[in-house]
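Structure, as structure tokens:
The values are calculated or read from the model by the stated rules, or taken from the named source; none is laboratory data. No experiment lies behind these values; they were computed from the predicted model shown. Positions of Cβ are backbone-derived with ideal geometry, glycine not excepted, and every protein chain shown enters the neighbour counts. Heads up: the accessible areas ignore ligands, DNA and RNA and are worked out on the full protein's heavy atoms, side chains in. Shrake-Rupley method; radii C 1.70, N 1.55, O 1.52, S 1.80 Å.
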Amino acid sequence: MIRADGGEALVLAADVSDEEAVDKLVADTEQQLGPIDAAFNNAGVLGAELPRLIVTRPWAVELVEWVADIVGEAPLVHGITTRGGYEAYVDEQMRRAGLDPAFKRRYPHQFSGGQRQRIGIARALAVQPDFLVCDEAVAALDVSIQAQILNLFMELRRDLDLTYLFISHDLGVVEHLSDRVVIMYLGRVVEQAPAEEVFRRPNHPYTQSLLDSVPRIEARKRAFTPVQGEIPSPLNPPSGCHFHPRCRHATERCKQEVPRLREVAPSHFSACHLNDAA
């Protein structure tokens with residue numbers, strides 16, 4: 001253990017030990033959202049209209065709370081449910097995420113990784129969002145459990161008319177779940193298009209390299225070709241096109257000029273100088 005004998009406790013850059021700083025933080029927040037007490041009771045301000053994040057790490061759910069409190073606290077605060085209807089509301093959210101409500105008085109460490117991920121999904125859906133940000137939501141799970149969670153995502157999208165921003169390094173998952181795909185490299189968008197278009201006709205050399213490196217059962221006796229070179233530091237990225245040190249098509253222009261994201265086909269955009277010559 002490291003003894004905490006110094007430093008600051010900051011909330012939105014305000015030192016919470018500084019009474020004046022806290023007063024200013026509250027005043028600024030109330031100016032944007034209205035009175036704090038009213039805001040927390042107004043689902044339209046801080047509740048159902050805001051996206052909720054599903055995190056990928058199963059341990060991200062609070063280890064010191066019962067599942068009932070993890071799932072039910074936010075909707076209770078935002079006025080989506082009441083104390084009287086709390087238990088029934090939690091039971092409903094757990095069943096929707098594929099969990100047995102009989103386990104709601106257990107702690108997260110008493111569940112498997114896949115079950116903990118379902119707890120995270122139940123918690124996110126409990127505030128009745130329209131939009132979910134799912135950051136590597138299945139990366140920590142084995143393949144069989146991953147498939148179950150992906151199927152749950154698809155069922156919930158269909159039943160609740162949800163929109164997902166699904167962030168993943170697993171192209172198989174992206175292809176299975178997404179309607180539209182955005183490919184990024186070192187913080188820049190290099191390609192975006194409908195999912196079918198990206199996987200059938202990738203345009204950017206980075207996208208092509210990623211898809212070439214995906215193992216496929218139907219691709220027999222084909223050599224595995226990973227993306228060449230080392231990933232540059234995001235703190236000191238290459239000039240011009242960030243991908244040029246690893247691109248087999250790179251020219252002198254690629255080293256000097258940032259390529260513009262342009263439409264190369266209907267609803268298909270790519271940022272590559274090779275498209276200028278096409």
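How much length is gained if the chain between Asp135 and Glu218 is pulled fully straight, taking 0.36 nm per residue apart and subtracting their Cα-Cα distance, in nm to one decimal?
26.9 nm
Can you pull the Kirkwood radius for segment 211-260, inverse mean 1/r over Cα pairs, to one decimal in Å?
So the Kirkwood estimate lands at 12.8 Å.
Calculate the all-directions average of the projected area of segment 195-278's alpha-carbon convex hull, and give it in nm².
That works out to 6.7 nm², a quarter of the Cα hull's surface.
List the relative contact order of segment 169-248 as a percent without decimals, with contacts defined as Cα pairs under 8 Å and 6+ residues apart.
23
Residues with beta-carbon under 15 Å from that of Met154, excluding Met154: net charge, scoring Lys, Arg +1 and Asp, Glu -1?
-1
Based only on Cα atoms, what mean projected area does the convex hull of segment 115-269 have, in nm²?
11.5
Compare the peptides 112-122, 166-176 by average per-residue count of other Cβ atoms within 10 angstrom and give them in order, highest first.
Answer by packing, highest mean first, reads 112-122, 166-176.
Solvent-accessible area per residue for segment 122-194 at a 1.4 Å probe radius, Å²?
In whole numbers, segment 122-194 has 48 Å² accessible per residue.
Just add up the charged neighbours of Ile167: K/R +1, D/E -1, any other residue whose Cβ is under 10 Å from the Cβ of Ile167.
Neighbour charge sum, excluding Ile167 itself: -2.
Quick one: with all protein chains in place, what share of the accessible area of segment 59-167 is carbon or sulfur, to the nearest percent (1.4 Å probe)?
Carbon with sulfur: 52 percent of the solvent-accessible area.
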